[in-house]
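The values are calculated or read from the model by the stated rules, or taken from the named source; none is laboratory data. Keep in mind the model is a prediction, meaning the values are calculated, not measured. For neighbour counting, all protein chains shown are included, and Cβ atoms are generated from backbone atoms with ideal geometry for every residue, glycine included.
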């Protein structure tokens, strides 16, 4: 084959002449792509009826912004005194209000921490009433979502299930067995097509525990003498605490020993 033939295998194209076959190919590819997208879209009527908030069905989905639902279109609402109540029913299609939104952090494959909009962790008190007043998270602040036969209940650290006490209008964990009042729903508004990264506090993602403690101290310590005060106790205890899921609790204890923390008197 001559050099001329190598460079002139196709049809002779005149200036201004369009490549119709190429256009048809692009149109077909675009149409195929749109059809694939349409087939991939899941029409979730339940989510549409709740303002786009969809039902979480496993622990890995309970991260980032969440709401806790009891009954039809009713969500747990945080009050400024650290207690919780149940909202009035929302109209169909309306999502939760800002004081009904919580943040969830995955502890391990079965447990989560829950933080209110007031930036406090939830936990059950001695009488079973759940409050949101903890600045750090430990064993008492861990909750375990449990699914059975398509329904979910939330187990608190006192080995009782979360429910709404209608008489006292409060969020409680007082019953050891699941009944109709303990069945709840956790919803998320995260985009389901994305890979959701862990919502754990940035300090937990840092390997250097000395740096972790320094970050926490900077966040909470008062600086009357312009100096940072770190606990001098062995930092091996922090490593053990992190492995057992008690890192926040241990950091709080260490800060309290310095008597320079506005939350640890």
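Residues that are farther than 21 Å from residue 144 by Cβ, assigned to a loop (DSSP other than H, G, I, E, B) and at pLDDT 90 or above are absent from segment 30-42.
Scan segment 94-102 and give yes if some residue there is surrounded by fewer than 20 Cβ atoms within 10 Å (Cβ to Cβ) and under 18 Å from residue 242 (Cα atoms), otherwise no. No: zero hits. Return a yes/no flag: does segment 144-152 have any residue that is assigned by TED's automatic domain parsing to the domain that holds residue 165, surrounded by 16 or more Cβ atoms within 10 Å (Cβ to Cβ), within 14 Å of the chain's Cα centre (by Cα) and within 23 Å of residue 183 (Cβ to Cβ). Yes: one or more hits. The residue list 94, 72 contains one member that is over 20 Å from the mean Cα position of the chain (by Cα) and within 22 Å of residue 192 (Cβ to Cβ), which is 94. A search for C-beta distances below 8 Å between a residue of segment 50-69 that is in the same structural domain as residue 87 (by TED's automatic domain parsing) and farther than 17 Å from residue 162 by Cα and any residue that is at pLDDT below 95 and in a helix (DSSP H, G or I), counting only pairs 6+ apart in sequence or on different chains, returns 53/47; 54/46; 54/47; 55/46; 55/47. The residues of segment 144-183 that are at pLDDT below 95, out of contact with any strand residue (DSSP E or B) (no Cβ under 7 Å at 6 or more places or on another chain) and closer than 13 Å to residue 129 by Cα, listed by number, are 166, 167, 168. Taking segment 85-142 and the strands (runs of 3 or more DSSP E) fully enclosed by it, no element has 2 or more residues that are out of contact with any strand residue (DSSP E or B) (no Cβ under 9 Å at 6 or more places or on another chain), at pLDDT below 90 and under 21 Å from residue 256 (Cβ atoms).
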